[in-house]
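Notes follow once the structure below has been shown.
The values are calculated or read from the model by the stated rules, or taken from the named source; none is laboratory data. Just so we're clear, the structure is a prediction, and the values are computed from it rather than from any experiment. Don't worry about glycine lacking a Cβ; one is built from the backbone with ideal geometry, like all the others, and counts go over all protein chains shown. The area values use the complete protein model at the heavy-atom level, side chains included, leaving out ligands, DNA and RNA. Shrake-Rupley method; radii C 1.70, N 1.55, O 1.52, S 1.80 Å.
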Amino acid sequence: MSTIQQNYFELFGLPVQFALDTALLDQRYRTLQAEVHPDRFVAASANERMQSMQWATQANEAYRILKHPTSRARYLLQLHGVDTEEESNTVMPADFLMLQMEWREAVEEAFDNGDVTTLESLLKEMRGQARTLEQSLEDTLDRQRAWQASTEIVRKLSFIDKISNDVEHKISKLEDE
């Protein structure tokens, strides 16, 4: 084991880009985990055990970030010195704000009525919107290298992630009743 690399793409031997072969990421993650897992270093020195733990921790974090499109885009922007300003910049186009409101209202109404079918339909619609935004990120990040323009797309995708997680939670809650 050498020193820990800072770039998560390099850690897995992947190109530094948004478009990612997730099957290859999965494979490289499993390979790296097998090499650095602390169980392999039980008889090693304390320093080697510590280094193994650090490698395993970084591999887990890198995998978690690269596996998810929103966090991967956010990380890629960070590598280029661009902050998505998700906490401070909540400005969105009017049509997207309207869509957010419509989704929230429809989700609450469906949940209040115990309508899992409608919630699943809304979730499918949200995932479709997310895929469209991910395709836009492939273009703005990988082809255009338009870092700043990509921040609004990441903020939109982040919102869709949050509401999708909320819908999944509501579906689980209704199904558990």
Problem set entry | Members of region 146-168 that are without any contact (Cβ under 8 Å) to a residue 12 or more places away in the chain, outside any loop (DSSP other than H, G, I, E, B) and more than 14 Å from the chain's Cα centre (by Cα) | Ala149
Seminar exercise, completed: Going through region 42-99 in order, the residues found to be among the small types (Gly, Ala, Ser), in a helix (DSSP H, G or I) and farther than 23 Å from Arg131 by Cα are Ala46, Ser52, Ala56, Ala59
Exercise. Residues Leu79, Leu174, Leu133, Leu122: which one is open to solvent by less than 40 Å² (accessible area, probe 1.4 Å) and within 17 Å of the chain's Cα centre (by Cα)?
Worked result: Leu133
Exercise. So which residues in region 76-105 are closer than 20 Å to Thr140 by Cα and of a type in the set (A, V, I, L, M, F, W, C), if there are any at all?
Worked result: Leu76, Leu77, Leu79, Val82, Val91, Met92, Phe96
Problem set entry | The one condition in (1) at positive phi; (2) open to solvent by 50 Å² or more (accessible area, probe 1.4 Å) that Gly114 fails to fulfil | (2)
Exercise. What are the pairs, 6+ residues apart or on separate chains, where a residue within region 125-145 that is of a type in the set (Val, Ile, Thr) has its Cβ under 6 Å from a residue that is in a helix (DSSP H, G or I) and open to solvent by less than 50 Å² (accessible area, probe 1.4 Å)?
Worked result: Thr140/Ser150
Exercise. Do you know which of the residues in region 87-111 that are charged (D, E, K, R) and modelled with pLDDT of 90 or more is least open to solvent (accessible area, probe 1.4 Å)?
Worked result: Glu108
Seminar exercise, completed: Residues of region 50-59 being touching a helix residue (DSSP H, G or I) at 6+ places or on another chain (Cβ under 8 Å) and either among the acidic types (Asp, Glu) or exposed (fewer than 15 other Cβ atoms within 10 Å of the Cβ) (or both), in sequence order, are Met53
